[in-house]
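To keep things clear, I will list the structure first and then write my remarks on it.
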Amino acid sequence: MGHRTLVAYNRDGYDLHYAHWGVDPAAITPETPFGGPPEGGWARARAADLLDPAGGRLADDARTAVDPDPLATGLSFGEVCARVDPLEHEALYVVASDFSVRRYLVFALRRAGGRRRGALVAHDDEADAAYLRGWLAGARTVRDVSAPDSEAVVRALRWLDPARGTVVFPVDPERGA
């Protein structure tokens, strides 16, 4: 399944790239802008045992964790958010021009009006990410038992730590979130 991460490089607008096996943010540097080698070697070896691919990504030997071919270029941050699928992507990393990386976890929220909604929640490291995943699981359980309000988790995410940076998408024009 991978650790499906989108990586947005802030250039003249955002260039959006994909890292199927995730990427260590510390490996994204001016010398290695697409990170080091991918960490999916064990999965690739197992898949090769199960499949006999004639071509395509499985047979390709990736040299970097982040695919150097962009999915899209010149995007606004809102357009980057619109390309995040909360059921498909685990994380979004936003790389500044100085190669500092802002990490976001992608959380799927309940559908609003039949549309997928998600939240991007900033985090500092893997321990913080693990805490947030557990927090979200608990918040969903409480919501489902006591308050089937689809906005309850969004409000709680914003209350959890306002300085953390939570982005909810797509924006609900009536509620502003």
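Computed from the coordinates by the stated procedures, all read-outs in this text should not be read as laboratory data. Predicted model, so just to flag it, every value in this text is computed and none were measured. Cβ sites come from the backbone with ideal geometry, for glycine too, and all protein chains shown count toward neighbours.
For labels at residue 87 and residue 133 in the simple 7 Å Cα→Cβ model, what's the distance in nm?
Those two pseudo-labels are separated by 2.0 nm.
Tell me the net charge near residue 73. Cut-off is 15 Å between Cβ atoms, residue 73 excluded, with +1 for each Lys or Arg and -1 for each Asp or Glu.
Charge balance near residue 73 sits at -3.
Between residue 29 and residue 98, what length comes free when the chain is fully extended (0.36 nm per residue of separation minus the Cα-Cα distance, one decimal in nm)?
Contour length minus Cα-Cα distance gives 24.0 nm.
Where does the charge balance sit around residue 16 when Lys and Arg score +1, Asp and Glu -1, over other residues with C-beta under 12 Å from its C-beta?
Taking every Cβ under 12 Å from that of residue 16, the sum is -2.
With label points built 7 Å along Cα→Cβ from the Cα atoms of residue 155 and residue 76, find their separation and express it in nm.
2.9
Can you order the peptides 132-142, 65-75, 4-14 by their average number of other Cβ atoms within 10 Å per residue, highest first?
4-14, 65-75, 132-142
Can you list the residues, at least 5 places off or on another chain, whose amide H is less than 5 Å from the amide H of residue 18, using H built in the peptide plane?
7, 67, 71
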